[in-house]
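What follows is one structure encoded as structure tokens, with my remarks underneath.
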Ligand SMILES: Cc1cc2nc3c(=O)[nH]c(=O)nc-3n(C[C@H](O)[C@H](O)[C@H](O)COP(=O)(O)O)c2cc1C
């Protein structure tokens, strides 16, 4: 059976000029094209066996060298959850999600195994950190897709990293175990909408890197996105610094965010204090 994916492709990219031709009908791919983050949840518990199944699927993700450098902390204790939620009051879904997980890069385990096996290794350099961070992102995204396939909704929380030291204290993370992101999980309270992505013309490069038409491409993308949803004037970010724009598109919003609200400044110091050295 073949399918055209037109509705899903339009939802994701806002146009269908890049639609694939004849392709097999894979319902799961339709679902992935339509996927979205969910921040509001129904008051419905997630069955324990389902949660374990999803974690098993998540840990089935590929792993660099089979090193398996990921640990997930499930935060069940109300006190610890409230302390985490209080760190980021503008994201109340951290406190309200039925399940909250913290996905951690774990560069410690391999070092401990080296001690057991009497093959000591230093896993606290950039390589160890990077491998653990990448593996953790893969496990995180595999969990999200698995959960969405089971009718659940998720919201990753990288804002935890802006408070990495306090998060590590709350979760008793030892040296060389670092939070990559939290994850809110629950049955969605609303349908919501699919967020438009940049076209493949901008993100897929053939044989060599080429961004000569970035300006034109992003201007067209900004217009497509704004035609679907244009933020009202009062939602223009950091207007006290940048003023109000007549046309406020995605690229204006994201570059204002990156320039005026940089994140993660305390993260390098945190990592150094927890046993990592990148020189
Ligand atoms: C690594 C990562 C960290 C994120 N951190 C946060 C966060 O701290 N708070 C939040 O509300 N959403 C967070 N998000 C969700 C993004 O804002 C969301 O994925 C993005 O706006 C695209 O929307 P979509 O997932 O619905 O397509 C995060 C997503 C990722 C992948």
When you look at residue 159, is it part of a helix (DSSP H, G or I), in contact (Cβ under 8 Å) with a residue 24 or more places away in the chain and more than 10 Å from the ligand (Cβ to nearest atom), yes or no?
no
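So that you can scan it fast, the table gives a plain yes or no per residue for (1) within 17 Å of the chain's Cα centre (by Cα); (2) touching a residue at least 12 places away in the same chain (Cβ under 8 Å); (3) surrounded by fewer than 15 Cβ atoms within 10 Å (Cβ to Cβ):
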position: 39; (1), (2), (3): yes, yes, no
position: 49; (1), (2), (3): no, no, yes
position: 60; (1), (2), (3): no, yes, yes
position: 63; (1), (2), (3): no, yes, no
position: 72; (1), (2), (3): yes, yes, no
position: 79; (1), (2), (3): no, no, yes
position: 85; (1), (2), (3): no, no, no
position: 90; (1), (2), (3): no, no, yes
Restricting attention to the stretch 124-144, does a residue exist that is modelled with pLDDT of 95 or more, within 16 Å of the ligand (Cβ to nearest atom), crowded, with 17+ Cβ neighbours inside 10 Å and not in a helix (DSSP H, G or I)?
no
Residue by residue through the stretch 164-178, note down the ones that are within 16 Å of the ligand (Cβ to nearest atom), buried (at least 19 other Cβ atoms within 10 Å of the Cβ) and not in a strand (DSSP E or B).
164, 167
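Give 201, 190 a once-over and let me know the one that is away from the ligand (no atom under 15 Å from the Cβ) and closer than 30 Å to residue 223 by Cβ.
Result of the check over 201, 190: 201.
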Scanning the stretch 145-156 for residues that are in contact with a strand residue (DSSP E or B) (Cβ under 8 Å, 6 or more places away or on another chain) and in a helix (DSSP H, G or I), which turns out nearest to the ligand (Cβ to nearest atom)?
148
Filter the stretch 197-235 for residues that are part of a helix (DSSP H, G or I) and out of contact with any helix residue (DSSP H, G or I) (no Cβ under 9 Å at 6 or more places or on another chain); the one that is surrounded by the most Cβ atoms within 10 Å (Cβ to Cβ) is 220
When residue 81 is evaluated against the numbered criteria (1) in contact with a helix residue (DSSP H, G or I) (Cβ under 7 Å, 6 or more places away or on another chain); (2) assigned to a loop (DSSP other than H, G, I, E, B); (3) within 16 Å of the ligand (Cβ to nearest atom), which criterion, by number, is the only one it fails?
(2)
Give the residues of the stretch 53-74 that are within 15 Å of the ligand (Cβ to nearest atom) and under 14 Å from residue 168 (Cα atoms), sorted by residue number.
72
Yes or no: residue 238 under 25 Å from the mean Cα position of the chain (by Cα), surrounded by 12 or more Cβ atoms within 10 Å (Cβ to Cβ) and without any contact (Cβ under 8 Å) to a residue 24 or more places away in the chain?
yes
Report, by residue number, each residue of the stretch 84-123 that is within 20 Å of residue 135 (Cβ to Cβ) and within 16 Å of the ligand (Cβ to nearest atom).
101, 102, 103, 104, 105
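The values are calculated or read from the model by the stated rules, or taken from the named source; none is laboratory data. Just so you know, these numbers come straight off a predicted model, no measurement behind them. For neighbour counting, all protein chains shown are included, and Cβ atoms are generated from backbone atoms with ideal geometry for every residue, glycine included.
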